[in-house]
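The values are calculated or read from the model by the stated rules, or taken from the named source; none is laboratory data. Because the structure is a prediction, the values reported are computed rather than measured. Don't worry about glycine lacking a Cβ; one is built from the backbone with ideal geometry, like all the others, and counts go over all protein chains shown. Calculation scope for accessible area: heavy atoms of the full protein, side chains included, ligands and nucleic acids excluded. Shrake-Rupley method; radii C 1.70, N 1.55, O 1.52, S 1.80 Å.
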Amino acid sequence: MKRIILSALIALALYPSAYAQMKVEVNIDSDITDGQVIPKEIYGQFAEHLGSCIYGGLWVGPESDIPNINGYRTDVLEALKTLKVPVMRWPGGCFADEYHWTDGIGPRENRPRMVNSNWGGTVEDNSFGTHEFLNLCEMLGCEPYISGNVGSGTVEELAKWVEYMTAPDGPMAKLRAENGRKEPWRVKYLGVGNESWGCGGNMVPEYYSHLYRRYQTYCRNFGGNTLYKVASGASDYDYNWTEVLMKNVGGLMNGLSLHYYTVKGWDGSKGSATEFNAEEYYNTLGKAVEVESVIKRHIEIMDRYDPDCRIDLLLDEWGTWFDVEPGTNPGHLFQQNSMRDAMVAALSFNIFHKYTRRLKMANIAQIANVLQSMVLTRGDKMVLTPTYHVFRMYNVHQDAIYLPFTCNSGTFTDGNGRECPLIDATASRNAEGIINVTITNTDLENEAEVILTLASDGKPEIFGEILTSEDIQAHNTFESPETVKPMTFNDFKSKDGRITVKMPAKSIVNLSIR
Ligand code: AHR
């Protein structure tokens, strides 16, 4: 029966047909002065002790033959600096609720080894710990977001970790100084548990919310450091979790998290990251844009309890989740990254930008070698993924004023009845008055003519950049690292305040308009 319904839905899917010519108008309210700022934290990252995200991806150790600065890979560091990473979440994920921070301090050669039982049973040497993470954040100029252990750790352990990182004096500060760091770090974001409904302790929301209240009590502000406390939030459609947390915890949290993956299922095949057909492509995009209705419903609940938006919503895990690459450890979640992932990233940002009244952070899973990564590494080689290029192209929107717009694009309906725009866009104005308009054509076959209208006319200077490929499965490999990369884009004409843009099929274009 289930199968019959599914095939009926697939038959109803309305994918774009070949040779249809699209003409779309996008009218941007570019003069707005009191618009919502797009917080840079929407472009946040997540780095977990999982597969080769930390070991091999970010960290090779100072003795490595792979070029490094104090143990951090030089190539990855440079790539991340260009991205302008605003915030990085660490050490997990599921790993966080089994991590005991005291194992990761002191001389590296004396640190105990541990089994990473969540992720493939890999034995880790704890050479990347608190100092290595917080120093990395300083080098990148990003805010650290520490995910604390509630599932298997004690209140005292978490309280002391906060003291170790942030107290200017006292016993933990003394220990920190003995380990080479006199000055406290500044740590703003503190997660109190992760996925506490699942790998973080299999709790019910009533129990977790009481535990949260207790744990957070002892996470103190030391010196000039003020913590921003994040409660472990719902997965996807678990609206009851948000309801209970808002009711039971309320103002004792600064943020409530949410996790949403573009994933076909938790068991069995999720589909290949690079071998997929048009139907799978459109279904992936359909699932990605469904995040909008999920965000909206969680916000509706939060609005009822907190109409003044004192508590933020943080989407601190999101992204695509496909099958691991053939021949790799299934517990290491190493997947390739194609133009389809680039589309998912672009459509997701377009949605996130609309909800920043409440949505203040998003952290893609994950920064290196895991799920929808920015970079992939093998030995001394590194490639930038199509998703990396989207993050780089979109970083012009960080801390810029969101510009509302109307767009009369048609939509397609995926095999699950979900609607997704064919042409999508987002726009912002930065502190220098430059307007950035990023447009996405999701159509696999048809180009589109997009007519942009801004509030002011004149003869603007426009710089265009495009990310596209002949083949939607295109991706970057260690042998061919530049198959997908942004190029300068000039296929537009500007006249009387209207910019006419020729958008190739499956493309993402950014126009910087001065
Ligand atoms: O990102 C991989 C895992 O997905 C994280 O560890 C966990 O929080 C989520 O289930």
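Key figures for this structure:
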quantity	calculated
Check on Ile32, part of a loop (DSSP other than H, G, I, E, B) and hydrophobic (A, V, I, L, M, F, W, C)	yes
Single match in Asp308, Asp323, Asp341 (criterion: within 16 Å of the ligand (Cβ to nearest atom), part of a loop (DSSP other than H, G, I, E, B) and either in the same structural domain as Thr387 (by TED's automatic domain parsing) or in contact (Cβ under 8 Å) with a residue 24 or more places away in the chain (or both))	Asp323
Qualifying residue in the range 133-141 (condition: in contact with a Ser or Thr (Cβ under 9 Å, 6 or more places away or on another chain), open to solvent by less than 20 Å² (accessible area, probe 1.4 Å) and at pLDDT 95 or above)	no
Residue satisfying all of: in the range 153-177; assigned to a helix (DSSP H, G or I) and without any contact (Cβ under 8 Å) to a residue 12 or more places away in the chain; most open to solvent (accessible area, probe 1.4 Å) among these	Lys174
Total residues in the range 358-403, condition in a loop (DSSP other than H, G, I, E, B), within 16 Å of the ligand (Cβ to nearest atom) and either open to solvent by 30 Å² or more (accessible area, probe 1.4 Å) or not polar (S, T, N, Q) (or both)	4
Close pairs (8 angstrom Cβ cut-off, 6 or more residues apart or separate chains): over 20 Å from Trp241 (Cα atoms) and part of a loop (DSSP other than H, G, I, E, B) in the range 185-197, at pLDDT 95 or above and within 16 Å of the ligand (Cβ to nearest atom) anywhere	Val187/Ile146; Lys188/Tyr145
Subset of the range 220-256 (residues that are part of a strand (DSSP E or B), in contact with a Gly (Cβ under 8 Å, 6 or more places away or on another chain) and under 30 Å from Tyr164 (Cα atoms))	Tyr228, Lys229, Val230, Ala231, Ser232, Leu256
Filtered residues of the range 191-240 (kept if away from the ligand (no atom under 16 Å from the Cβ) and under 20 Å from the mean Cα position of the chain (by Cα))	Tyr228, Lys229
Residue that is nearest to the ligand (Cβ to nearest atom) [pool: residues in the range 285-298 that are open to solvent by 10 Å² or more (accessible area, probe 1.4 Å) and assigned to a helix (DSSP H, G or I)]	Lys287
Members of the range 75-107 that are open to solvent by 40 Å² or more (accessible area, probe 1.4 Å), more than 16 Å from the ligand (Cβ to nearest atom) and out of contact with any helix residue (DSSP H, G or I) (no Cβ under 9 Å at 6 or more places or on another chain)	Asp75, Glu78, Asp103, Pro107
Residue ranges of strands (runs of 3 or more DSSP E) in the range 465-514 with at least 3 members open to solvent by less than 30 Å² (accessible area, probe 1.4 Å)	498-503, 507-513
Tally, over the range 69-119, of residues that are in a loop (DSSP other than H, G, I, E, B), more than 27 Å from Leu258 (Cβ to Cβ) and either touching a strand residue (DSSP E or B) at 6+ places or on another chain (Cβ under 7 Å) or aromatic (Phe, Trp, Tyr) (or both)	2
Residue within the range 42-55 that is away from the ligand (no atom under 16 Å from the Cβ) and under 28 Å from Leu347 (Cβ atoms) present	yes
